[in-house]
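J.: One structure, as structure tokens, below. Some questions next.
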Amino acid sequence: MTEQGPRIVALDRIPPNRRRGGDLRALLTPTTAGATSGFMGLATVDPGDRIGEHYHPYSEEFVYVVAGDLEVDLDGVPHVLGPDQGVFIPARVRHRFRNTGSTQARLVFHLGPLAPRPELGHVDTEETPAEPTAEPSGVVA
């Protein structure tokens, strides 16, 4: 086992992940910080947008709402979340976040323990629409 020291990671150095809706940035992870017990990040969700339904087979998720108004569906049951509220999501509970307000929502999330392999850490249970792509220059739709 390698001795790890503290690591500082800037949010603007993490590329956005928009595959499931919103803008998710896994900030402190095994790759970015040498974490061994879990990972933490920030999600931003614009009004009317969502983070598609999914679950984590191995990890519990902790979510803290920094700003904005959200609904989180937990195994299909909607719950309202606002600023300075948190939610604990046990492993294997399906969940989806929807921004129901008029301003951007910001959520801090932490998952742990880590799945034995990254591809086993997240299971999508619905399709999320693809991110729109820009038309090539000079093309008329």
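The values are calculated or read from the model by the stated rules, or taken from the named source; none is laboratory data. Treat the numbers as computed from the prediction; the structure is a model and nothing was measured. Note that we place each Cβ from the backbone using ideal geometry, even for glycine, and neighbour counts take in every protein chain shown. Note: areas computed on protein heavy atoms with side chains; ligands, DNA, RNA excluded. Shrake-Rupley method; radii C 1.70, N 1.55, O 1.52, S 1.80 Å.
J.: For the stretch 53-105 and the stretch 111-128, what is the separation of their Cα centres, given in Å?
T.: One Cα centre to the other: 16 Å.
J.: Follow-up. Within a Cβ distance under 12 Å of GLY52, other residues only, what is the Lys/Arg minus Asp/Glu net charge?
T.: Cβ neighbours under 12 Å give a net charge of +1.
J.: Ok, one more. Normalised by the empirical 2.2 N^0.38 Å for globular proteins, what value does the Cα Rg of the chain take?
T.: Here the Cα radius of gyration is 1.13 times the empirical estimate.
J.: If you don't mind, another one. Measuring with a 1.4 Å probe in the full set of protein chains, what accessible area per residue, in whole Å², belongs to the chain?
T.: The answer is 62 Å² per residue.
J.: Can you figure out the FRET efficiency of ARG117 with ASP23, using R₀ = 30 Å and their beta-carbon distance, to the nearest 0.05?
T.: So the FRET efficiency works out to roughly 0.75.
J.: Sorted by accessible area with a 1.4 angstrom probe, largest first, how do GLU60, GLU127 fall?
T.: GLU127, GLU60
J.: Over the Cα atoms of the stretch 1-63, each weighted equally, I'd like the Debye log10 I(q)/I(0) at q = 0.13, 0.29 Å⁻¹, rounded to two decimals.
T.: Ignoring solvent entirely, the Cα scatterers give -0.42, -1.34.
J.: Per the 1.4 Å probe, what fraction of the accessible area of the chain, in percent, lies on carbon and sulfur atoms?
T.: 55 percent
J.: Multiplying the sequence separation of VAL93 and ARG13 by 0.36 nm and subtracting their Cα-Cα distance, what value in nm do you get?
T.: Result for the pair: 25.7 nm of gain on full extension.
J.: If you don't mind, another one. Just to be sure I understand the curve: with the Debye formula and one point per C-alpha of the stretch 39-113, what is log10 I(q)/I(0) at q = 0.15, 0.21, 0.26 Å⁻¹?
T.: Log-scaled intensity ratios, in q order: -0.43, -0.86, -1.29.
J.: With every protein chain left in place, what is the accessible area of ASP12 in Å² (1.4 Å probe, nearest 10)?
T.: 130 Å²
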